[in-house]
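What follows is a single structure, written as structure tokens, with notes after it.
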Amino acid sequence: MAAVETESAPLTLESLPTDPLLLILSFLDYRDLINCCYVSRRLSQLSSHDPLWRRHCKKYWLISEEEKTQKNQCWKSLFIDTYSDVGRYIDHYAAIKKAWDDLKKYLEPRCPRMVLSLKEGAREEDLDAVEAQIGCKLPDDYRCSYRIHNGQKLVVPGLLGSMALSNHYRSEDLLDVDTAAGGFQQRQGLKYCLPLTFCIHTGLSQYIAVEAAEGRNKNEVFYQCPDQMARNPAAIDMFIIGATFTDWFTSYVNNVVSGGFPIIRDQIFRYVHDAECVATTGDITVSVSTSFLPELSSVHPPHYFFTYRIRIEMSKDALPEKACQLDSRYWRITNAKGDVEEVQGPGVVGEFPIISPGRVYEYTSCTTFSTTSGYMEGYYTFHFLYFKDKIFNVAIPRFHMACPTFRVSIARLEMGPDEYEEMEEEEEEEEEEDDEDDSADMDESDEDDEEERRRRVFDVPIRRRRCSRLF
């Protein structure tokens with residue numbers, strides 16, 4: 001019998017089964033999927049298979065099934081329509097949109113007025129007009145965020161957090177793009193910087209560098225810190241808050257929605273809590289959260305201002321006879337050089353709180369360091385209400401404080417040796433004069449000594465050029 005030779009048909013794209021091809025296409029990015037439309041008629045048909053575009057709509061635009069149903073469009077049409085509107089932001093949109101969605105979802109039941117203060121998104125032509133006005137290109141991630149929400153109304157409390165001390169209050173609003181453009185800086189020291197936030201009480205703003213200039217990196221977000229020792233008004237140091245707008249905004253939102261920043265009386269307070277900063281003594285737990293205040297700090301001279309919030313809580317399962325009252329406090333304060341200062345005195349912030357089962361007492365105080373970081377630890381002394389002669393100590397956990405990364409003004413770095421030496425001599429002379437004035441004041445009256453003693457013992461602030469340390 002003669003052998004029958006058969007030739008297999010050549011394998012072509014047209015002969016491949018549909019399911020394996022759809023599986024392959026499902027791994028392609030949207031750019032490659034669109035390019036497939038131009039390869040052949042069959043690939044064009046397969047690339048338009050609607051479920052393939054579902055993943056891209058969710059990945060890049062965060063479009064939910066409910067939104068698709070409401071708009072009554074196929075996934076591919078949704079992708080194309082959204083791309084035609086905000087396609088230039090496709091590398092930023094998902095991260096920023098998620099941050100906004102998470103923030104609003106978290107704040108709506110807790111700070112409804114804050115959510116209501118948000119403005120509708122700006123139009124592309126509005127952002128283009130601002131670029132023409134300031135003569136610089138806005139970062140794409142900044143533009144992307146403002147397409148979603150054009151900042152907020154100037155209200156209190158502000159979206160970007162608050163801080164309250166006995167003699168100081170800060171609440172930062174997120175500026176709309178037109179107001180921000182009005183504050184765009186061309187002066188030396190803040191050249192090409194656009195304000196992101198504004199506090200109507202302190203005038204404090206966070207800035208974004210829309211161009212690299214004066215030692216700043218493009219797109220950096222920072223707090224300005226004027227050099228108080230320099231005669232040059234362009235000598236402005238910077239506390240760096242974020243490398244980009246996305247980094248700055250998403251990290252802030254993460255702190256809020258994770259509960260890292262507490263919400264107190266409808267305001268977001270920017271205290272950072274370290275989970276390890278907790279100490280339990282018997283039935284009493286002490287926890288600490290801290291915050292750095294750039295508006296009360298300076299790099300030159302070195303003066304770094306921190307506030308801390310302490311929570312003292314007695315377990316609800318404690319026996320009633322464990323109720324007690326705080327008598328005094330003891331602090332051991334150590335700066336980055338290892339210098340130690342010990343402070344003790346009656347009560348806390350002028351109060352002697354009573355702690356009973358299930359009760360919580362919280363208070364806020366502050367301290368300063370001449371170094372960029374330091375830590376505090378100590379204990380409270382209590383007495384039992386039912387056994388007044390019986391006293392005991394409750395540990396305060398060690399908590400660290402460190403200022404953000406800062407960059408010294410390029411105007412200061414460019415000073416000549418003679419000019420720098422002259423400025424240093426003037427600083428030393430000013431310090432000597434201050435010391436002489438302090439000595440004279442002490443000789444003139446014992447009342448000043450009494451005021452200082454009361455300040456350190458009772459946490460009463462004293463008026464000075466800078467906010468004083470409180471314990």
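Taking Cα atoms of region 268-335, Rg/Rh with Kirkwood Rh, to two decimals? Ratio value, two decimals: 1.09.
Rolling a 1.4 Å probe over the protein heavy atoms of the chain, with every protein chain left in place, gives an accessible area that is 49 percent carbon and sulfur. Quick one: longest stretch of the chain between exposed loop GluC sites (Glu not before Pro), exposed meaning at most 10 other C-beta atoms within 10 Å and loop per DSSP? So the longest stretch without any such site is 121-471. Taking the C-alpha atoms only, the angle from helix 447-458 to the longest principal axis of the chain is near 50 degrees. Cross-link check: pairs Lys105/Lys153; Lys58/Lys153; Lys316/Lys390 evaluated at a Cα-Cα cut-off of 24 Å; pairs beyond the cut-off: Lys58/Lys153.
For region 18-87, the alpha-carbon coordinates run over 32, 23, 18 Å along the three principal axes, in decreasing order. Relative to the compact-globule estimate of 2.2 N^0.38 Å, the Cα radius of gyration of the chain comes out at 1.32.
Remark: region 271-407 carries 45 Å² of accessible area per residue (probe radius 1.4 Å; ligands, DNA and RNA excluded). Shape index of region 271-407: Rg/Rh, with Rg the Cα radius of gyration and Rh the Kirkwood radius from the inverse mean 1/r over Cα pairs, equals 1.02.
Using the alpha-carbon positions of region 93-254, Rg (one decimal) and Dmax (whole number) come out as 15.7, 49 Å. Panel values: region 231-321, Kirkwood radius from alpha carbon pairs, Stokes-Einstein at 37 °C and 0.692 mPa s, translational diffusion coefficient 202 µm²/s. Pair-distance distribution of region 97-167: all C-alpha pairs, bin width 10 Å, starting at 0; shares per bin in whole percent are 17, 42, 28, 11, 1.
Compute the helix-to-body angle for 75-86: its Cα long axis versus the longest principal axis of the chain, expressed 0 to 90° and rounded to tens. So the inclination is approximately 50 degrees.
Relative contact order of the chain, taken over Cα pairs closer than 8 Å and 6 or more residues apart, is 10 percent. Based on the Kirkwood approach, the hydrodynamic radius assigned to region 148-215 is 12.7 Å, with every pair of different Cα atoms included.
Could you work out how far helix 50-61 tilts from the main Cα principal axis of the chain, as a 0 to 90 degree angle to the nearest 10? The two axes meet at around 20 degrees. Counting 0.36 nm for each residue step from Phe27 to Asp128 and taking away their Cα separation leaves a gain of 32.8 nm.
The values are calculated or read from the model by the stated rules, or taken from the named source; none is laboratory data. Just so you know, these numbers come straight off a predicted model, no measurement behind them. Heads up, the Cβs are rebuilt from the backbone with ideal geometry, glycines too, and the neighbour counts pull from every protein chain shown. When the accessible area is computed, the model is the full protein with side chains, heavy atoms only, and any ligands, DNA or RNA have been set aside. Shrake-Rupley method; radii C 1.70, N 1.55, O 1.52, S 1.80 Å.
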